[in-house]
1. Carbon-plus-sulfur fraction of the accessible area of the range 34-185, 1.4 Å probe, in percent?
2. Can you give the FRET efficiency for PHE354 and LEU374, using 1/(1 + (r/R0)^6), R0 = 22 Å, r = Cβ-Cβ distance, to the nearest 0.05?
3. Want the number for GLU109 to ARG43: 0.36 nm per residue separation, take away the alpha-carbon distance, what's left?
4. Between ILE338 and LYS83, what length in nm is gained on full extension when 0.36 nm per residue of separation is reduced by their alpha carbon distance?
5. In nm, what is the difference between 0.36 nm times the number of residues separating ILE330 and PHE296 and their Cα-Cα distance?
6. Write down the Å³ per residue value for the convex hull defined by the alpha carbon atoms of the range 268-378.
7. Search the structure for amide H atoms under 5 Å from the amide H of GLY260, placed 1.01 Å from N in the peptide plane, and list their residues when 5 or more places away or on another chain.
8. Evaluate the distance, in nm, between pseudo-label points positioned 7 Å from the Cα of GLN50 and of ILE163 along their respective Cα→Cβ axes.
Amino acid sequence: MNQKPESQKNKLKEVAALFFKLGCIAFGGPAAHVAMMEDEVVRKRKWMTQEHFLDLMGATNLIPGPNSTEMTMHCGHERAGWKGLFVAGICFIFPAVTITALFAWLYQEYGQLPDVKPFIYGIKPAVIAIIIMAGFRLGKKAVKNTTLAILGIITLGACLYGIPEIAALFGCGFLGLLLYYIRKNKNNLNTFIPIILVDLVGKLEIDTLRVFLTFLKVGAILYGSGYVLFAFLDSELVTHGWLTRQELLDAVAVGQFTPGPVLSTATFVGWQLNGGFGALAATLGIFLPSFLFVLFLNPLIPKMRKSTVVRAFLDAVNVAAVALIAAVCIDMAKETIIDWRTSLIAIISLIIVFVFKKLNSAFIVLGSAFLGYLLYLI
């Protein structure tokens, strides 16, 4: 009778140790994270078959949130039930959030000093190149046909015209659904309705609750790559005057230095908005929906994956996500690439990310910071 609880405890320890390790060393973005997970969970530990792992990967595209973080939760659930889900997710997130919080404090204390500015000068163009590469990779998978390409162009135009990014994202998704029904002319409705939170955040003073609600809303509707987060934050925070675009770019850069999920950038942004409590509120807000989605929707995943309606919606949403990335890159480039130095760094960074595709983005940011420092002195 005592054997089973002990076995469960051992499984939880195993889950905690594995995903804390991955949280400390998983640089390189979601694709790299998932590759490391597959090696550890399928090949080395044999917690599940390759086929089941692929099923879980497909399932993560059906719900909002950071895909690689949600994969840790699925793997933890597979090994140790619902407790394993929470242990895996928290252990994977914790190292990135801790490191990011340290960077946030240092940035707040020293980021405005003259000796830091030359490094930031070089980082900004490199960040844009990294985001462009992420958008390019997503675009190759997302644009499956001419209709989706047209939807993406429409969404890009809407974003550049000033339509809020979240409205553009879901507008494109539901337009994709409409086109699907026009083509299929079916009356059978097997819908999947994403959670849409009302806009509880306006141009009011910043407090901890407001920071939490802002990031909770973004976390609940964030489809696609973690890089789409930057488009949402640009809309939610820069537009409302809570954060400057330079601070957002700096937050993106810090996200490249840290291992684990890119969404830990929320910790950095929250710290700039309201100190330590703001960092905690932003972190809880951005990740909480992922835990809930994986916990409550896991039993529905097999049916959802087979639904052609869900696929039509997600195909359109994925294309819209790529359009959001393109739009925010255009806006950032206008403010960042202002002279021959920043143009040179941007071109070199673009060449590196497209030629040396396996190079860790953290090295690109570090190299650009050093190059920016040298060029800044000229």
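1. Roughly 66 percent, rounded to a whole number.
2. 0.45
3. 19.3 nm
4. Details: separation 255, 0.36 × 255 = 91.80 nm, distance 5.05 nm.
Between ILE338 and LYS83, full extension yields 86.8 nm more.
5. Numbers: separation 34, 0.36 × 34 = 12.24 nm, distance 3.76 nm.
Stretched fully, the ILE330-PHE296 segment lengthens by 8.5 nm.
6. 178
7. ALA26, PHE27
8. Distance between the two pseudo-spin positions: 4.2 nm.
The values are calculated or read from the model by the stated rules, or taken from the named source; none is laboratory data. It should be emphasised that the depicted structure is a prediction, and the values quoted were computed from it without experimental measurement. Positions of Cβ are backbone-derived with ideal geometry, glycine not excepted, and every protein chain shown enters the neighbour counts. Please note that ligands, DNA and RNA were not included when accessible areas were found on the heavy atoms of the full protein model with its side chains. Shrake-Rupley method; radii C 1.70, N 1.55, O 1.52, S 1.80 Å.
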